Amino acid sequence: MPVPDSPDRGSLRRWFRLLPVVPSILLLVLFMLAPVAWSFYASFTDAALSGRAALNPQWIGLDNYVRMLTDSVFPLSAWLTVVFVGASAILGQNALGLVIALLMTKSGGATASLVGTAVVAAWVLPEIVAAFAAYAYFSQDGTLNQLLGMFGVHGANWLYAFPLAAIILANVWRGTAFSMLVYRAALSQVPRDVSEAALMDGARGWQRLAFITLPIIRGSIATNLMLITLQTLAVFTLIWVMTAGGPSNASTTLPVLAYQEAFKLGDIGYGTAIASVLILIGMVFGTVYVRLFRRVNP
Amino acid sequence: MTSLRRGPRLSERRPTAVAGGRPRVRFAANAALAVIGLCFVLPLGWLLLASVDPHAGYQTRWPQSPSLANFAAVLTPDLLFQPLVNSFLLSAGTAVVNLAAAVLAAYPLSRYQSRFNKPFLYAILFGTSLPVTAIMVPVYGLFVQLQLLDSMPATIFFMATTTLPMAIWMTKNFMDSVPLELEEAAWMDGASGLATLRRIVVPLMRQGLGVVFIFVFIQAWGNFFVPFILLLSTAKQPAAVSVFSFFGQHGAIAYGELAAFSILYSVPVLILYTVVARGSGSAFALSGAMKG
């Protein structure tokens, strides 16, 4: 840092130096903070997409939140969201990503890069294209049922009979690449002599994994879990294209429910209430994430 | 298709790669990976086959009379070019706004010690975790109030903001690795902070900035939900939204054209990703995003 000035001129200069941060702060306040604040405000009103309540929303206190608890769809939707995030992110993407990364340390380089490309392709594709591909795959006469047919199995109409399972599998397919990349990077940091020393001591493969490798990369595991949970919590397009939340709300996660209430049914007040709940969940996770980060990088 | 050439190079560099392991372990690992890879490719098979099949449905099959008719059919200004131009304007605009704001913000955060830095960076990190889909309902409300619906610039600024926390974070990390000495010399010569930023720091971190730019561009290009909610007129809609024109008004879906269009729309991001992955390895991009 250059020469220190007299106290008051110095502090003025320090503030002046922070000036370049202002455009970012303006953008964040206008397009992120304001919508969040407006969301909390509107969730206490009967704001609507059209009609009298669109022009002049009334304050209705906690009515929207009371409705959430008494309504039968919201608890179902919250539960579906928990299952969706738990099964597709925490179990599916996380575990599969780790398995692929571990296998890649044992496999040949050509296989690793080919498979890596296949996994990443599903992730880089535009979300709408990935959603169409997943829809075609699980549809009545789609690829999955054709494959099952080759083994003499008559497959179900997956999108209607098992919509939640279909979107969970589709999201594992779509998102595993992120975990795989995180774990490949993490595993490449594991010092080789540590696991070789354990090998000398006669530790078996799974013992080395459980007691040496995983503890070393636990920081990456925690970070990865946080990030994929947040990403999966926000998944909308995949579900909307594949099942539109149906049939009869059997795959309506909270983002889909918020969309339906706000835009299909025109109830902005109730839609923002659901959105506010999602934002709050995001904030809780964000707080944990920041704390986790501060512990790892003091 | 994408980063075929990246893998071997990476594994050579990797200290843990127990050079292939024992043959039997290696064979088992290769076989398991091959099965997993096949599962990941399968859903894309339909897309590729249907695109060259003029009579495609949702079934995956070898086309009886393969042709490029589907591609020819979508190569029209209304169906393909206008939406792609819109996608490009939206994504490039988002990436430019994003990068400009991020570089400016990252400079003081990276170069000057201040009590403001840490809280701001933690707030930024916190901001990366807000679920964007959840904000869309209130953003729509806000856009209606401010009469910004169906405005391309407003949509660009909003999309830039949603990726801004991640971009600032990455840019600051890349900037931290640019050595201070050169700048100090420039300061001695009386150059102002912003002049040094423009003439010394930015050129030195070209590669990192390229990664951030492409990162943001890919996300904006693939984004469906935001333009779907905020852009109403067909003339402004990007390819992600206009793709629904293949779902005819009478319930007839042009599957083959849908697949062909999807492929043409995906190619740019596949290329861009390959550029980033080959140039520097996606581990490099991730390290910008994840380290402290």
Members of region B:92-102 that are β-branched (V, I, T) and open to solvent by less than 20 Å² (accessible area, probe 1.4 Å) = B:T94
Can you pull out the residues in region B:143-177 that are assigned to a helix (DSSP H, G or I) and over 25 Å from A:F285 (Cα atoms)?
-> B:F143, B:V144, B:Q145, B:M152, B:P153, B:A154, B:T155, B:I156, B:F157, B:F174, B:M175, B:D176
Give the residue, chosen from A:L144, A:L103, that is in a helix (DSSP H, G or I) and touching a residue at least 12 places away in the same chain (Cβ under 8 Å).
-> A:L144
Taking region B:97-142 and keeping residues in a helix (DSSP H, G or I) and among the small types (G, A, S) leaves B:A100, B:A101, B:A102, B:A105, B:A106, B:S110, B:A123, B:G127, B:A134, B:G141
Of (1) within 30 Å of B:Q207 (Cα to Cα); (2) more than 10 Å from chain A (Cβ to nearest Cβ); (3) surrounded by fewer than 19 Cβ atoms within 10 Å (Cβ to Cβ), B:P77 satisfies all except one. Which?
-> (1)
Quick one: in region B:67-94, of everything that is not in a helix (DSSP H, G or I) and not hydrophobic (A, V, I, L, M, F, W, C), which residue is nearest to B:S266 (Cα to Cα)?
-> B:T76
Going through (1) more than 8 Å from chain B (Cβ to nearest Cβ); (2) open to solvent by less than 30 Å² (accessible area, probe 1.4 Å); (3) in a helix (DSSP H, G or I) one by one, A:Y160 fails only at (2)
When region A:217-262 is examined, which residues are found to be polar (S, T, N, Q), over 23 Å from A:V129 (Cβ atoms) and in a helix (DSSP H, G or I)?
-> A:S220, A:T223, A:N224, A:T229, A:Q260
When both residues are 6+ apart or on different chains and their Cβ atoms are under 6 Å apart, which pairs have a first residue that lies in region B:188-202 and is surrounded by 14 or more Cβ atoms within 10 Å (Cβ to Cβ), and a second that is of a type in the set (D, E, K, R)?
-> B:T196/B:E183; B:I200/B:E183
Unmet requirement for B:Y107, which otherwise passes all of (1) within 7 Å of chain A (Cβ to nearest Cβ); (2) aromatic (F, W, Y); (3) surrounded by fewer than 21 Cβ atoms within 10 Å (Cβ to Cβ) = (3)
Counting only residues that are outside any helix (DSSP H, G or I) and open to solvent by less than 50 Å² (accessible area, probe 1.4 Å), which one in region B:208-249 is farthest from B:V276 (Cα to Cα)?
-> B:G248
Residue by residue through region B:56-68, note down the ones that are within 14 Å of another protein chain (Cβ to nearest Cβ) and either surrounded by fewer than 12 Cβ atoms within 10 Å (Cβ to Cβ) or touching a residue at least 24 places away in the same chain (Cβ under 8 Å) (or both).
-> B:A56, B:G57, B:Y58, B:W62
Residues in region A:239-246: is at least one modelled with pLDDT of 90 or more, crowded, with 21+ Cβ neighbours inside 10 Å and under 24 Å from A:L62 (Cβ atoms)?
-> no
Is there a residue in region A:80-98 that is under 16 Å from the mean Cα position of the chain (by Cα) and within 25 Å of A:A42 (Cβ to Cβ)?
-> yes
State whether one or more residues within region B:127-145 are among the hydrophobic types (A, V, I, L, M, F, W, C), more than 23 Å from A:L49 (Cα to Cα) and at pLDDT below 85.
-> yes
Report yes if some residue within region B:41-63 is of a type in the set (A, V, I, L, M, F, W, C), in contact with a Leu (Cβ under 8 Å, 6 or more places away or on another chain), part of a loop (DSSP other than H, G, I, E, B) and under 14 Å from A:G142 (Cα atoms); otherwise report no.
-> yes
Which of the residues that make up region B:174-187 are open to solvent by less than 20 Å² (accessible area, probe 1.4 Å), of a type outside the set (F, W, Y) and away from chain A (no Cβ under 11 Å)?
-> B:M175, B:V178, B:A186
How many of the residues making up region B:40-51 are out of contact with any helix residue (DSSP H, G or I) (no Cβ under 7 Å at 6 or more places or on another chain) and buried (at least 18 other Cβ atoms within 10 Å of the Cβ)?
-> 1
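This table checks each residue for (1) more than 8 Å from chain B (Cβ to nearest Cβ); (2) within 23 Å of B:F215 (Cβ to Cβ).
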position	(1), (2)
A:G108	no, no
A:T117	no, yes
A:G142	no, no
A:L169	yes, no
A:V182	no, yes
A:S188	no, yes
A:R192	no, no
A:L199	yes, no
A:L209	yes, no
May I ask you to list the residues in region A:29-44 that are outside any loop (DSSP other than H, G, I, E, B) and touching a Ser or Thr at 6+ places or on another chain (Cβ under 6 Å)?
-> A:F31, A:M32, A:S39, A:F40, A:A42
Are there any pairs with C-beta distances below 6 angstrom linking a residue in region A:62-86 that is of a type in the set (G, A, S) to a residue that is in a helix (DSSP H, G or I), with the two at least 6 apart or on different chains, and if so which?
-> A:S77/A:L254; A:S77/A:L257
In the set A:V290, A:V284, which member is more than 8 Å from chain B (Cβ to nearest Cβ), hydrophobic (A, V, I, L, M, F, W, C) and assigned to a helix (DSSP H, G or I)?
-> A:V284
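The values are calculated or read from the model by the stated rules, or taken from the named source; none is laboratory data. The structure presented is a predicted model; accordingly, all values stated were derived computationally and were not measured. Cβ: placed from backbone, ideal geometry, glycine included. Neighbour counts: every protein chain shown. Side chains are part of the model used for accessible areas, which takes the heavy atoms of the whole protein and leaves out ligands, DNA and RNA. Shrake-Rupley method; radii C 1.70, N 1.55, O 1.52, S 1.80 Å.
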